[in-house]
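I have placed the structure first, in the form of structure tokens, so that the comments after it can refer back to it.
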Amino acid sequence: MFEKRKYLTSIFYLITSIVFLTLIPCYDNEYNPIMVAGPLLMIWTNDTFAYLVGKNFGKRKLLERISPKKTIEGFIGGFLFTMLAGYLIAYFSDLLSITVWLIISIIMSIFGTLGDLIQSKFKRQAGVKDSGSIMPGHGGIFDRLDSIIFASPFLYAFLQILKYVS
């Protein structure tokens with residue numbers, strides 16, 4: 001019974017998150033491709049610079065039990081570079097204001113990191129290192145998408161709140 005519940009929870013988590021991910025570019029009833037590209041760019045920026053800063057300057061562990069290589073310094077580095085990415089997206093697009101893009105950067109960095117940690121926890125519980133073998137050296141497709149999958153419902157909620165408040 002417990003295994004069935006874990007399986008259903010995982011499926012529900014994936015399906016609902018992907019639904020929100022597909023709704024983001026149409027949050028204001030008009031398709032905006034920058035609303036797909038921008039958050040993905042932010043997630044990749046966060047993941048890349050969290051890794052680079054953490055590997056080169058990381059000393060203090062973020063959550064060693066769940067993900068032993070993640071550091072606080074890496075998180076801060078990823079966060080700052082994601083803010084820079086948000087600023088650049090705002091500068092080169094006229095879809096949303098700089099303030100809104102910076103808030104989106106914060107959402108993507110924090111919830112993207114949480115998504116990555118949750119994925120690591122799932123893998124630890126399952127006793128596996130990678131979530132698949134399609135992308136060798138990258139941990140599988142789920143590892144490449146874990147951050148955006150977790151962050152997408154929060155980003156969509158923020159965009160809906162913004163739509164109704166504006």
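Would you be able to say whether some residue in segment 78-97 is in a strand (DSSP E or B) and surrounded by fewer than 22 Cβ atoms within 10 Å (Cβ to Cβ)?
The answer is no; no qualifying residue exists.
Looking at (1) surrounded by fewer than 17 Cβ atoms within 10 Å (Cβ to Cβ); (2) without any contact (Cβ under 8 Å) to a residue 12 or more places away in the chain; (3) part of a helix (DSSP H, G or I), which one does Pro68 not meet, given that it meets all the others?
So the condition that Pro68 fails would be (3).
Can you find a residue in segment 49-62 that is within 19 Å of Gly115 (Cα to Cα), at pLDDT below 90 and in contact with a Leu (Cβ under 9 Å, 6 or more places away or on another chain)?
Within segment 49-62 (the criterion being within 19 Å of Gly115 (Cα to Cα), at pLDDT below 90 and in contact with a Leu (Cβ under 9 Å, 6 or more places away or on another chain)), the answer is yes, since at least one residue qualifies.
Restricting to segment 19-35, and then to whatever is surrounded by 15 or more Cβ atoms within 10 Å (Cβ to Cβ) and under 19 Å from the mean Cα position of the chain (by Cα), can you tell me which residue is nearest to Asp146 (Cα to Cα)?
Ranking the qualifying residues of segment 19-35, first place goes to Leu21.
Looking at segment 1-40, which of the residues that are assigned to a loop (DSSP other than H, G, I, E, B) and acidic (Asp, Glu) is modelled with the lowest pLDDT?
Checked segment 1-40; the qualifying residue modelled with the lowest pLDDT is Asp28.
Of Arg124, Arg144, which residue is under 17 Å from Val36 (Cβ atoms), at pLDDT below 75 and in a helix (DSSP H, G or I)?
Details: Arg124 fails: under 17 Å from Val36 (Cβ atoms).
Just a single option satisfies the conditions, and that option is Arg144.
Is it true that Ile89 is at pLDDT 95 or above and not hydroxyl-bearing (Ser, Thr, Tyr)? Don't jump to the end; show me each part of the working.
On the way: at pLDDT 95 or above: yes; not hydroxyl-bearing (Ser, Thr, Tyr): yes.
Yes; evaluated as a whole, the condition is true for this residue.
The values are calculated or read from the model by the stated rules, or taken from the named source; none is laboratory data. Please read all numbers here as calculations on a predicted model, not as lab measurements. Backbone-built Cβ (ideal geometry, glycine too); neighbour counts: all protein chains shown.
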